[in-house]
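Input: a single structure, listed below in structure tokens.
Values in this text are rule-based calculations from the coordinates and carry no lab data. Just so it is clear, the model here is predicted, and its values are computed rather than measured. Cβ coordinates were reconstructed from backbone atoms using ideal geometry, including for glycine residues, and neighbour counts include every protein chain displayed.
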């Protein structure tokens, strides 16, 4: 094996890619960046495909934080203020509070624009429709985070509220939320606790 030249040494990413190619190793997948609090759960970033989400839905906004363009579909309860607190570039966030009967068409169009889409699922999801959308997501290198069940999702994400801080006896206001987040992918589960400070 010949030694890499000086140009390669100045670019560690290129050097590692070259070594992996020579050794016949599969490339390491690189996904979309997520909010800093969620990075321990997504060491390679949010990968393309569908991710099923359950629990404290505001955490889903943290998955949009690294997107150039993002979209939120059918989730009118998620406000712009919450998105800002999770580091989402709201000037590049498309919101469709009521997608209507053509959920599939709306999401398919948004996937052409947005890197990450956070959406309430349609009433019914057939395997065929799910597979077509998954293929489109892979082609676009995009991710869909669905607030509910989804057949053959790439991962399952659960965010449970463990408690709140800030309230005294009959006075005060909520200042922080404690969460336990679990991500299960390919039979492996990662767990991470975070504290979300309101108004930070």
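The table for this structure:
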{"item": "Options 45, 55, 60: the member that is under 21 Å from residue 178 (Cβ atoms), surrounded by fewer than 18 Cβ atoms within 10 Å (Cβ to Cβ) and touching a residue at least 12 places away in the same chain (Cβ under 8 Å)", "result": "55"}
{"item": "Failed item in (1) surrounded by fewer than 17 Cβ atoms within 10 Å (Cβ to Cβ); (2) assigned to a strand (DSSP E or B), with residue 146 passing the rest", "result": "(1)"}
{"item": "Residue list for the stretch 119-142, filter: part of a helix (DSSP H, G or I) and without any contact (Cβ under 8 Å) to a residue 40 or more places away in the chain", "result": "127, 128, 129, 131, 132, 135, 136, 139"}
{"item": "Residue in the stretch 78-94 that is under 19 Å from residue 50 (Cα atoms) and surrounded by fewer than 17 Cβ atoms within 10 Å (Cβ to Cβ) present", "result": "yes"}
{"item": "Flag for residue 123 being touching a helix residue (DSSP H, G or I) at 6+ places or on another chain (Cβ under 9 Å) and either closer than 25 Å to residue 180 by Cβ or buried (at least 21 other Cβ atoms within 10 Å of the Cβ) (or both)", "result": "no"}
